[in-house]
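Let me begin by presenting the structure, written as structure tokens, before commenting on it.
The values are calculated or read from the model by the stated rules, or taken from the named source; none is laboratory data. Here the structure is a predicted model, which means the values were calculated and not measured. Neighbour counts are summed over all protein chains in view; Cβ atoms, including those assigned to glycine, are modelled from backbone coordinates with ideal geometry. Please note that ligands, DNA and RNA were not included when accessible areas were found on the heavy atoms of the full protein model with its side chains. Shrake-Rupley method; radii C 1.70, N 1.55, O 1.52, S 1.80 Å.
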Amino acid sequence: MAVTLTINGESKTVNAEDDTPLLWVLRDELNLTGTKYGCGIAQCGACTVHVNNLPRRSCVTPIKSIEGMQITTIEGLDGPVAEAVQAAWQKIDVPQCGFCQTGQVMSAVGLLNSIRKPDDADIDNGMTGNICRCATYVRIRNAIHDAAGILEKQK
Amino acid sequence: MSQQATSHDKKPIKPERRRFLQSSAGLLIGVYLPVFANQKSGAAAVMQTPSEAGATLSPNAFVRIAEDNTVTILSKHIEFGQGPFTGLATLAAEEMGADWSQMRAAHAPANVEHYKNLAFGVQGTGGSTAIANSYHQMRRAGATARAMLVSAAATRWKVPDTEITVNNGIISHKNSGKQASFGELAASAAELPAPNNEPALKKPSEFKLIGTDLPKLDTTEKTLGQAQFTLDIYQENMLTAVVAHPPAFGGIVNSFDDSAARKIPGVVDIKKIPQGIVVYAKNTYAAIKGRDALKINWDTSQAETRSSKTLFKLHRDAAQKPGANATSNGDTDKALQDAAKTLELEYSFPYLAHAPMETLDAVILAHNDSDKIEAWLGSQLQTVDQGAIAQVFNTKPENVIIHTQLAGGSFGRRAQPDSGFAVEAALATKAVSRGTPVKLIWTREDDIKGGRYRPMVFHKLRGGIDNKGNIIGWQQTIVTQSIVAGSPFEGMIQNGIDPTSVEGASDLPYTIPNLDVSLHSMQTKVPVLWWRSVGHTHTAYTVETFIDMLLELADKNPVEGRLELLKKHPRESHVLRTAARMAKNAGPTPQDRARGIAVHKSFGSFVAQIAEISNENGFPKVHRVWCAVDCGIAVNPNVIKAQMEGGIGYGLGAILFDEITLGENGTVIQSNFDTYRSLRINEMPDIEVEIIKSDIDPTGVGEPGTPPIGPAVANAWRRLTGQKITHLPFISSVQQMETA
Ligand code: FES
Ligand code: FES
């Protein structure tokens, strides 16, 4: 089956079954490997992408269901929020193994898109879906606060 | 910010392009400085005895300088989050006089002669040894490279070596004002013979990079999603494979029907290997769907079909009598008889899965025009995996090229002494025609159900105090399955004692006049493995909760009481005092909260933690942790802090939530993160870390942060609620107490 998706602003037609999770199409067909597999059942957040600007678990998102929507992966992430998050991530040296981190960054950008100055409870709400087995959570929290600070200064 | 030597070029991902040696070849390279001298075959799989392992290495296998002035260190240790790329590069850069911005890191090839872990004798990472065993080696490698650069400069400028200085990556001669970069001198330096004398190393007081928070080399790539893991490797004609594994450990395939599976679009082939049925497909989704569609009749007659409940009872029964003697002092039976007060407790610990974020995976290609086999994987025991893969293909180890990949965590998971996973991947590759690369992926369900767990453990403790409140007797019986038995590391077992079963208990630091620690080693068919901090996962918990209760029974303060018993152990005492001071400085304990303390030595490092908790609907909420660590010289304090934070989070998740349970017929009940809970951000405490200043050689940091958190939380919980949690995880103990 051919399904046409809009990924990082480009239209891509892929030959895949309608029920194929977006995760595997991104990775196996489109070579966008920044989006990771961690559980396949919407438990870990490693596969987080944005669909119409909102974080979505690509491992449980059949491609047919998002035809025509705007899909953004870590490779296509840009804009001031993304820059602030990725700058803070580097300044604070958040990653350990790094495998969960693209999903964390996608969720963090999603959170800051909806709440510009999140408090700790907002961060808990926005980020509990993203597991980090290396437990870099202290730094993820600090980096989100730091990114919010960067964005505030830009105003 | 510095980055890895790996290229940022993304499409198409060809693993070769990301290897330093080849990618830099395109840059009119440089010079590999110094060259591999008389490099023998990679005949690597043979385990060596520890004494041979300690032999001097060729000092020059680690540093590569390119004409673009980058310095790449070849890391013999896999980078899966604990920071060896950064740490090893720091050690070499320090002695070279390099500038941090020119440093890069890449994985070294598999080669036991050059790259063995000096603590193991094979190339491998574990036991928190990466920095400890490389501390002198990497500095010597850096110092040798520097000596050669200096000598090249001296020859070119016709001045004496002794007048040349090296700072921040610049080689200079003061009197003439001449200067050169490493890259400019690399070619001439390569023509010089390696220096005969061991170059002198800096004194710790002269360090400029060691001891500073240098930014990690791999942070940028990992933040931008450009870091390449095994899962990210795609090759032409590659097949993706998943394996249907037996429902119980030791089960085998009786018969199977793959007709439905073969109809799934994308499924290419299906084969039987000893580990199960392999489904090969053009993409991952088809492989997984194909596996779901298999009908397999399993033979579990030889499998482990006992449930956790049954096994637990066997462990408990064994604990009623002392086992093989691990430590003995005085007359413990008599002391316990004479004691004014005694305490007796039983503890149990479930099987635990490591659940690293990236599941096990590998890409293997058996070339069809030569004997060459290439394997890309997050290999934690490179030369062992190399030998095992060679055996599968019936070829020599030197024909197997291991491309070690960044891995998404391990915590012990990837260090399989029998190379079980690498063998499965090799067999799956061998079952299709040569020339076809095969990527074998374990799904999360395979990972959680796949065994190689922290073993089930049972402890029985008896302790006694006299009428003055002195602890006079301590008897501890440990029952568990040996991790090293039947593995190439079996030689570690001495007099019936696997040290990894009793470490942390047999070397109890507290001075107690009458002490017995003994061990029963159990046998099951459940494959077990080292899990972040190994034996310390359970011994720290039992020792530190039991001592806390004995001190309470004796009306003693948990800090002062411990310090009295640690007079011969200044480093334990120091971290304990430090953590106590940190907590005190944070102010008094809020009313509805309690604090608990634990101190434990593991992998040569000393860690004390104080946890502050409250009771949220009958379950602990950990708010803050103060952590003091003495790991000798702190090579990169920021990395050490990160390891303490990560170790605490990892240990906390396990003691609160995690157990792997074998149900009836030996089937593992849990299957994914829905049933095997990971700690999440809302459960992570604030953590403050203080590193003790030291000029002792560095020791481990990857594991030592994990052991103390469990007992610190349990001690706080007992002080808050009166409940003694002796059966882990917390969640099942607390639930049982509620229903009781
Ligand atoms: S892989 Fe999608 S949430 Fe885990
Ligand atoms: S950094 Fe390793 S899982 Fe998050």
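Below is a table of values for the structure above.
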{"item": "Qualifying trypsin sites (Lys or Arg not before Pro) for the range B:498-593 [loop in DSSP, other Cβ within 10 Å: at most 13]", "result": "B:Lys567, B:Lys568"}
{"item": "Mean Kyte hydropathy of 0.0 or more with a Cα span along the axis of at least 24 Å, helices from DSSP in chain B", "result": "B:536-553, B:637-657"}
{"item": "Rounded to 5, the percent of DSSP beta bridges in the protein assembly as shown classed as antiparallel", "result": "75"}
{"item": "Which listed pairs, of B:Lys289/B:Lys449; B:Lys271/B:Lys309; B:Lys556/B:Lys601; B:Lys174/B:Lys202; A:Lys153/B:Lys584; B:Lys116/B:Lys158, have C-alpha distances above 28 Å, in listed order", "result": "B:Lys271/B:Lys309; A:Lys153/B:Lys584; B:Lys116/B:Lys158"}
{"item": "Percent RCO, i.e. relative contact order, over chain A, from Cα pairs under 8 Å lying at least 6 residues apart", "result": "24"}
{"item": "Rounded D (µm²/s) - the range A:2-76, Kirkwood Rh over Cα pairs, Stokes-Einstein at 37 °C, 0.692 mPa s", "result": "277"}
{"item": "Shielding by partners - mean other protein chain Cβ count within 10 Å, residues of B:644-651", "result": "4"}
{"item": "Peptide-level mean, for A:15-28, of C-beta atoms on other protein chains within 10 Å", "result": "4"}
{"item": "Largest-first principal axis extents, alpha carbons of the range A:19-146, Å", "result": "38, 27, 24"}
{"item": "Gyration tensor (Cα) of the range B:395-520, equivalent ellipsoid semi-axes in angstrom", "result": "45, 15, 12"}
{"item": "Largest-first ordering by accessible area, 1.4 Å probe, given options A:Lys12, B:Lys222", "result": "A:Lys12, B:Lys222"}
{"item": "Where the range B:632-740 is the region considered: accessible area per residue in Å², 1.4 Å probe", "result": "32"}
{"item": "The protein assembly as shown - mean residue ellipticity at 222 nm from DSSP helices (-39,500 (n - 2.57) per run, n ≥ 4, rounded to 500)", "result": "-9000 deg cm²/dmol"}
{"item": "Accessible surface of the protein assembly as shown, 1.4 Å probe, proportion on carbon and sulfur as whole %", "result": "49"}
{"item": "Of the DSSP H helices in chain A, those whose Cα atoms cover at least 15 Å axially and whose Kyte score averages -1.0 or more", "result": "A:80-91, A:101-114, A:137-154"}
{"item": "Relative contact order [Cα under 8 Å, 6+ residues apart], chain B, whole percent", "result": "14"}
{"item": "Packing-based ranking, highest mean first, of B:698-704, B:618-624, B:672-678 given that Cβ atoms within 10 Å are counted", "result": "B:698-704, B:672-678, B:618-624"}
{"item": "Residues along the range A:92-137 losing 30 Å² or more of accessible surface when the other protein chains are present rather than the chain by itself (probe 1.4 Å)", "result": "A:Asp93, A:Pro95, A:Gln96, A:Cys97, A:Phe99, A:Asp124, A:Thr128, A:Ile131, A:Arg133, A:Cys134, A:Ala135, A:Tyr137"}
{"item": "37 °C / 0.692 mPa s Stokes-Einstein diffusion coefficient of the protein assembly as shown, Kirkwood radius on C-alpha pairs, µm²/s", "result": "115"}
{"item": "Cα centroid of the range B:249-326 to Cα centroid of the range B:673-739, whole Å", "result": "32"}
{"item": "Cα-based radius of gyration of chain B once divided by 2.2 N^0.38 Å, which approximates compact folds", "result": "1.00"}
{"item": "Burial ranking of peptide ranges B:131-139, B:455-463 (average Cβ count within 10 Å, highest at the top)", "result": "B:455-463, B:131-139"}
{"item": "Estimated D of the range B:600-649 in µm² per second, where Rh is the Kirkwood radius over Cα pairs and Stokes-Einstein applies at 37 °C, 0.692 mPa s", "result": "267"}
{"item": "Added length on full extension, which subtracts the Cα-Cα distance from 0.36 nm per residue, B:Ile273 to B:Lys208", "result": "18.0 nm"}
{"item": "Label-zone membership for the range A:124-138, site A:Gln154, 7 angstrom Cα→C-beta point, backbone N under 11 Å", "result": "none"}
{"item": "Between the range B:359-405 and the range B:586-664, the Cα center-to-center distance that results, in Å", "result": "38"}
{"item": "B/A buried area, accessible surface, summed, 1.4 Å probe, Å²", "result": "4800"}
{"item": "Threshold 30 Å² - residues in the range B:193-228 whose accessible area is reduced by that much or more when the chain is no longer isolated, probe 1.4 Å", "result": "B:Lys216, B:Thr219, B:Lys222, B:Thr223, B:Leu224, B:Gly225"}
{"item": "Relative contact order for the range A:80-153, counting Cα pairs under 8 Å that sit 6 or more residues apart, in percent", "result": "50"}
{"item": "Size of the range B:164-288 as Cα extents on the principal axes (Å, biggest first)", "result": "82, 34, 32"}
{"item": "Unit charges on C-beta of K, R, D, E only; dipole of chain B, Debye", "result": "560"}
